[in-house]
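First comes the structure, then the notes that go with it.
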Amino acid sequence: MEKREELYSGKAKSVFKTEDPDLLILEFRDDTSAFDGKKKEQLERKGRVNNIFNAFIMEKLKAAGIPTHFEKRLNDRESLVKCMQMLPVECVVRNISAGSLCKRLGVEEGQTLNPPTYELFLKNDEQGDPMINESLAVTFGWATDEQLQSMKELTYQVNAVLQRLFAEAGLLLVDYKLEFGVFKGQITLGDEFSPDGCRLWDAETREKLDKDRFRQGLGGVVEAYEEVGRRLGIQFD
């Protein structure tokens, strides 16, 4: 697959065109940011670790019948993905209270949420990714009712698959966000899944093994990602 001009460069990933209009190359970089880009750093091995981690998770979701943009991992830092029309709506599921939910509602961190909460956010860095609802999404043309329903169903399907997968590895899936797009008329998961976009805690000690280590200055960020991967059976070497 020929890697052509850069189409997009985000906070931690870059997207490149290929000779096939239906396929893109997704490159995972070592860049790390938090707080809407106010805190930035380069973490050695992070791009490689996230690419390998994401490929493992995408294969698990594919096996569970969840449509994803992922085609295959090309090398340590690049994967081949479908070219989709992305929807500017982030879907967030929370199984345990943490992060912005605690700040917004004044609730204590670590509470099991039964049932899990489901929230929507507009993907807009300039506005700070504000929280929205289905009515706003439809009114402003960000997604249709049918698309929103499919996104919700798929997000909960992902939750069922990954909660079980991480539990078997002695981990708690605290929360995560997903983005979706349309590929040939079908709502399809168009996001990575790595410790960059979710919260993962050790089930016994509740040690944080995700991007909160970077946000909170705890150190050992990539080492924590690798620890999660090893528990899942991922080989990084």
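The values are calculated or read from the model by the stated rules, or taken from the named source; none is laboratory data. Just so it is clear, the model here is predicted, and its values are computed rather than measured. As a convention, Cβ positions derive from the backbone with ideal geometry for all residues, glycine included, and neighbour counts pool all protein chains shown.
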State whether one or more residues within the range 125-134 are over 29 Å from residue 29 (Cβ atoms) and not aliphatic (A, V, I, L, M). yes
For the range 96-116, how many residues are touching a helix residue (DSSP H, G or I) at 6+ places or on another chain (Cβ under 9 Å) and within 29 Å of residue 45 (Cα to Cα)? 2
Which pairs do you get when a residue that is closer than 21 Å to residue 180 by Cβ, found in the range 90-116, comes within reach of a residue that is among the charged types (D, E, K, R) and part of a loop (DSSP other than H, G, I, E, B), reach meaning Cβ atoms under 9 angstrom, with the pair 6+ apart or on two chains? 90/123; 90/129; 90/191
Read through the list (1) within 21 Å of residue 69 (Cα to Cα); (2) buried (at least 18 other Cβ atoms within 10 Å of the Cβ), then give the number of the only condition that residue 214 fails. (1)
Residue among 203, 143, 167, 137 that is free of Cβ contacts under 8 Å to residues at least 40 places away in the same chain and in contact with a strand residue (DSSP E or B) (Cβ under 6 Å, 6 or more places away or on another chain): 203
Return a yes/no flag: does the range 50-62 have any residue that is buried (at least 18 other Cβ atoms within 10 Å of the Cβ) and either assigned by TED's automatic domain parsing to the domain that holds residue 165 or part of a loop (DSSP other than H, G, I, E, B) (or both). no
Return only the number of the condition from (1) surrounded by fewer than 18 Cβ atoms within 10 Å (Cβ to Cβ); (2) touching a Leu at 6+ places or on another chain (Cβ under 6 Å); (3) polar (S, T, N, Q) that residue 79 does not satisfy. (1)
